[in-house]
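**Student:** Okay, handing you the structure first.
The values are calculated or read from the model by the stated rules, or taken from the named source; none is laboratory data. As the structure is a computational prediction, the values presented were derived from the model and not from experiment. Note: ideal-geometry Cβ built from the backbone for every residue, glycine included; neighbour counts use all protein chains shown. Remember, those area values only see protein heavy atoms, side chains included, never the ligands or the DNA or RNA. Shrake-Rupley method; radii C 1.70, N 1.55, O 1.52, S 1.80 Å.
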Amino acid sequence: MADNIVWHSHPVDQATRADQKSQHPLLIWFTGLSASGKSTIAGALEQVLTAQGYHTYLLDGDNVRHGLCKDLGFSDQDRKENIRRVGEVARLMVDGGLIVLAAFISPFRADRQIVRDILPAGQFVEVFIDTDINVCRKRDPKGLYAKADRGEIKQFTGIDSPYEPPETPEVHVAADRLSVAESVNQLLAYLHHAGALRAGYVPLAVEEGGPEE
Ligand code: ADP
């Protein structure tokens, strides 16, 4: 970076924007294997938050690869750059006062730590969507495990590319034992206890009979 670039502070800051929205800006970072349920659970949580008047944005792993990160592949180096870029974008959105949900496999601990480190203290919530790989294989909504097994996709996380689970995530969701609604409610309860929600949040109704697969 050039030496003559300095940070310019502006009169409207994160606190102003957060006050305007009456909310606590936050980055809720979902990590887990492909098909573990990150996008589904993040989308369902975003729906609840939006319905309750929060201002949110969901950054989705597949979607950013159509634009912001379309020049990147799946080598370790490209995965690192993917997460770095997304982290910077998420940081700007959180600075804009939003509750940002990010759903990325983000297999490497060090890369997730880099994102945590660029967010203001207390504004990064790591959510481990912990679904056994055999359940992911069974769900496989995009048929990616089947393709990886046939050798049509290389460097597939959990098969021929590693996944480093979080050691101390803020929320650990056993998404192979919970329904989507139960996972969302676990997250709402965490956010409530962390003081990130206004009083009186409404959990989702949970159907009897356990999770579908
Ligand atoms: P990821 O974003 O982690 O790749 P997706 O959310 O795209 O995963 O895919 C998970 C798939 O599993 C979806 O098709 C979803 O409907 C299905 N699914 C079934 N049961 C659950 C559950 N209990 N929690 C989350 N997803 C589930």
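**Student:** Arg84 - would you say it is open to solvent by 30 Å² or more (accessible area, probe 1.4 Å) and either part of a helix (DSSP H, G or I) or within 22 Å of Ser183 (Cβ to Cβ) (or both)? Show your work before the answer.
**Tutor:** Details: open to solvent by 30 Å² or more (accessible area, probe 1.4 Å): yes; either part of a helix (DSSP H, G or I) or within 22 Å of Ser183 (Cβ to Cβ) (or both): yes.
The answer is yes for Arg84.
**Student:** For region 111-213, please list each of the helices (runs of 4 or more DSSP H) lying entirely inside it that holds at least 1 residues being away from the ligand (no atom under 16 Å from the Cβ) and either open to solvent by less than 50 Å² (accessible area, probe 1.4 Å) or in contact (Cβ under 8 Å) with a residue 24 or more places away in the chain (or both). Quick ask: steps written out before the conclusion?
**Tutor:** Working: elements: 133-139, 144-149, 180-193.
In region 111-213, 180-193 are the helices (runs of 4 or more DSSP H) which contain 1 or more residues that are away from the ligand (no atom under 16 Å from the Cβ) and either open to solvent by less than 50 Å² (accessible area, probe 1.4 Å) or in contact (Cβ under 8 Å) with a residue 24 or more places away in the chain (or both).
**Student:** Of the conditions (1) farther than 20 Å from Leu27 by Cα; (2) modelled with pLDDT of 95 or more, Thr168 satisfies every one except a single condition; which number is it?
**Tutor:** (1) is the only condition that Thr168 fails.
To keep it simple, each residue is scored yes or no on (1) away from the ligand (no atom under 16 Å from the Cβ); (2) outside any loop (DSSP other than H, G, I, E, B); (3) over 30 Å from Ile159 (Cβ atoms); (4) out of contact with any Pro (no Cβ under 6 Å at 6 or more places or on another chain).
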| position | (1), (2), (3), (4) |
| --- | --- |
| Ala15 | yes, yes, yes, yes |
| Leu33 | no, no, no, yes |
| Gly43 | no, yes, no, yes |
| Tyr57 | yes, yes, yes, yes |
| Gly67 | yes, no, no, yes |
| Met93 | yes, yes, yes, yes |
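**Student:** Might you let me know whether region 171-193 holds any residue that is modelled with pLDDT under 95, farther than 19 Å from Asp111 by Cα and touching a helix residue (DSSP H, G or I) at 6+ places or on another chain (Cβ under 8 Å)?
**Tutor:** no
**Student:** What residue, of Gly158, Gly122, Gly143, is closer than 26 Å to Val180 by Cβ, of a type outside the set (Lys, Arg), at pLDDT 95 or above and under 19 Å from the mean Cα position of the chain (by Cα)? Quick ask: steps written out before the conclusion?
**Tutor:** Numbers: Gly122 fails: closer than 26 Å to Val180 by Cβ; Gly143 fails: under 19 Å from the mean Cα position of the chain (by Cα).
Going through Gly158, Gly122, Gly143 in turn, the sole match is Gly158.
**Student:** Among the residues of region 58-77, are any closer than 16 Å to Ile28 by Cα and either surrounded by fewer than 15 Cβ atoms within 10 Å (Cβ to Cβ) or out of contact with any strand residue (DSSP E or B) (no Cβ under 7 Å at 6 or more places or on another chain) (or both)?
**Tutor:** no
**Student:** Just give me the residues in region 45-55 being more than 15 Å from the ligand (Cβ to nearest atom), closer than 29 Å to Arg177 by Cα, touching a residue at least 40 places away in the same chain (Cβ under 8 Å) and open to solvent by 20 Å² or more (accessible area, probe 1.4 Å), in sequence order.
**Tutor:** Matches in region 45-55: Gln52 only.
**Student:** Got at least one residue in region 135-143 being more than 17 Å from Ile41 (Cβ to Cβ) and among the small types (Gly, Ala, Ser)?
**Tutor:** Yes, some residue in region 135-143 is more than 17 Å from Ile41 (Cβ to Cβ) and among the small types (Gly, Ala, Ser).
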